[in-house]
Amino acid sequence: MAVCARLCGVGPARGCRRRGSAREQRRGAADSEPDTDTDPEEAGGGGGVVVVTVDEEAAERIEGGRPLPPSVEAGPAGRAPLSLLELPPELLVQIFGSLPGTDLPSLARVCTTFRRILRTDTIWRRRCREEYGVCENLRKLEITGVSCRDVYAKRINPRVKSGRFMKILPDYEHMEYRDVYTCLLHRYRHILGLWQPDIGPYGGLLNVVVDGLFIIGWMYLPPHDPHVDDPMRFKPLFRIHLMERKCATVECMYGHKGPHNGHIQIVKKDEFSTKCNQTDHHRMSGGRQEEFRTWLREEWGRTLEDIFHEHMQELILMKFIYTSQYDNCLTYRRIYLPPSSPDDLIQPGLFKGTYGSHGLEIVMLSFHGKKAKGTKITGDPNIPAGQQTVEIDLAHPLRLPDIENLRDFSELSRIVLEVQEQVRREEQEREQRQEEEEHSQQAASQPASPLGGEGAEGEETAAGAEGTTQDKAPASQPFVLPMGVISRNEDYPRTCRICFYGTGLIAGHGFTSPERTPGVFVLFDDDRFGFIWLELKSFSLYSRIKVSFQNAQAPSREAFDEMLKNIQSLAT
């Protein structure tokens with residue numbers, strides 16, 4: 001930094017004798033006059049990392065600039081440049097382009113030369129690419145309009161016919177990367193990532209990403225019940241882009257009449273809201289009946305006549321009435337992907353699972369020492385989104401009986417209930433030890449060392465970990481569901497790696513009388529697991545969501561745990 005300060009002519013090295021001979025030469029250069037009236041908005045800003053690469057457009061013409069004097073372009077023969085102003089403009093473009101966008105406004109205030117160089121679109125194109133992954137070329141989009149419209153149709157709005165594209169596409173001819181960076185990407189950077197909408201007990205999964213020259217909010221939906229291994233479905237809820245220079249436009253994508261006017265408000269940190277300003281675009285000519293039939297085909301992939309279960313029909317109709325009243329006017333709260341550890345049983349992440357008449361729901365699997373937790377990202381009227389649907393005790397693996405005895409539900413129930421009683425006794429002993437420690441500390445003249453208690457817990461943890469490690473061996477064992485256990489998906493794996501004792505959360509309608517009941521966690525492979533609910537005599541199959549989500553990693557383990565507490569408290 002001291003070298004940079006000396007070269008720029010600022011900082012404590014202002015009186016350096018090496019600069020004395022060149023000071024008179026630069027004194028007459030008008031380009032080096034301090035510019036204190038620089039508008040920060042012209043230079044823009046944004047977060048990012050410093051990555052120095054060779055740009056093929058480094059020699060691009062500096063817009064609005066004028067040739068520098070020969071004495072500034074190159075120093076006297078045999079002498080290295082003593083100031084950044086003596087460097088060639090194309091080299092300054094390379095240097096400035098490697099800086100994070102947040103540093104460029106301050107750099108523009110140094111002098112008018114720097115300010116003019118920062119108007120070079122190559123710098124901002126590099127920042128857009130390295131910080132936000134934008135790879136489109138504005139000039140090529142201007143020339144190849146047909147291919148651009150094809151991309152638009154496939155990615156943004158496939159319902160719009162080709163004749164209407166010219167009215168919807170941005171005007172690339174007068175657009176610059178500096179405007180894309182400052183007015184779109186940097187301005188809305190806080191909403192990128194994963195979010196959970198506040199839709200009562202149903203929740204959801206929203207992924208806001210930079211997609212080309214757009215910021216799009218994609219709602220991710222599970223596949224149609226009961227095809228749990230099928231890929232996720234997704235549809236756009238809103239998009240943001242530049243229709244005019246320095247003016248970002250927010251459009252609601254909800255409904256079936258194409259994009260229309262919307263609004264986004266960043267309420268506070270890790271929370272934002274969307275509002276549709278033209279909800280009449282959500283209505284259909286056939287009224288609510290047509291809207292319901294269309295929603296049913298999209299949500300369930302069938303008609304109401306195909307669903308013979310009366311209770312299931314009631315649940316579906318209830319969900320449509322509840323969710324459609326929001327009209328895409330929602331509040332979203334940020335969620336993180338669970339952090340991973342080498343000791344985890346499998347890679348944590350998001351899974352889609354079967355929940356009886358409620359259909360498929362999204363669950364987040366995370367590991368917490370000797371426990372693994374499955375938290376609902378989408379929910380239902382019984383167990384709402386945000387609640388912990390299953391908890392796995394990794395310190396108590398289960399050894400299943402042979403395949404013939406496994407078909408007997410009473411045999412599996414006996415094994416699980418024995419482990420449940422063992423867990424209950426261990427908890428009582430742990431509570432008793434804690435009470436004894438408290439009494440001993442009160443009786444002693446000074447606080448007693450808690451090494452004994454921690455040691456006992458450490459031994460238990462080590463024993464559990466050792467047992468888990470032994471059972472994590474790659475050898476598999478045959479698996480079949482006991483007679484009488486109901487499964488929405490009969491195409492479950494017939495071999496498993498290991499099983500653990502666990503508990504599942506059940507409740508009445510409206511999350512009344514919730515209680516945790518015993519069950520069996522069955523690990524099939526790295527991407528699939530199941531849970532047998534003993535009291536309900538039902539089986540849920542879970543399959544991993546194989547999507548690479550960006551801007552979704554938790555900054556720390558503490559931040560992830562705090563996020564779990566927040567969404568659970570909101571659900572409660």
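The values are calculated or read from the model by the stated rules, or taken from the named source; none is laboratory data. Quantities reported herein were computed from a predicted structural model and do not represent experimental measurements. All Cβ positions, even for glycine, are placed from backbone atoms using ideal geometry, and neighbour counts span all protein chains on display. SASA here: full protein model, heavy atoms, side chains in, ligands and nucleic acids out. Shrake-Rupley method; radii C 1.70, N 1.55, O 1.52, S 1.80 Å.
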*How big, on average over all directions, is the shadow cast by the Cα convex hull of the range 475-568, in nm²?*
8.7 nm²
*Averaged per residue, what accessible surface does the range 192-256 expose to a 1.4 Å probe, in Å²?*
31 Å²
*Please work out the average accessible area per residue across the range 291-390, using the 1.4 Å probe convention, and give it in Å².*
38 Å²
*Rounded to a whole number, what is D in µm²/s for the range 283-355 from Stokes-Einstein with the Kirkwood radius over alpha-carbon pairs (25 °C, 0.890 mPa s)?*
156 µm²/s
_the range 224-267, Cα convex hull volume normalised per residue, Å³_ = 135 Å³
*Cβ crowding within 10 Å averaged over residues, with 307-320, 532-545 ranked highest first*: 532-545, 307-320
_Flagged links, alpha-carbon separation over 18 Å, of LYS246/LYS269; LYS269/LYS371; LYS537/LYS565; LYS352/LYS546; LYS269/LYS565; LYS275/LYS319_ = LYS246/LYS269; LYS269/LYS371; LYS537/LYS565; LYS275/LYS319
_Using each residue's phi in the range 204-217, evaluate 6.51 cos²θ - 1.76 cosθ + 1.60 at θ = phi - 60° and report the 3J(HN,Hα) Karplus result to the nearest Hz, with x for Gly and Pro._
x, 9, 10, 10, 9, 9, 8, 10, x, 9, 10, 10, 10, x
*Take the Cα atoms of the range 296-447, build their convex hull, and give its volume per residue in Å³.*
231 Å³
*asked:* Under 16 Å from a point placed 7 Å out from the Cα of ILE486 along the Cα-to-Cβ direction: which residues of the range 306-324 have their backbone N that close?
replied: 307-316
*Of the heavy-atom accessible surface of the range 336-455 (probe 1.4 angstrom), what whole percent is carbon and sulfur?*
45 percent
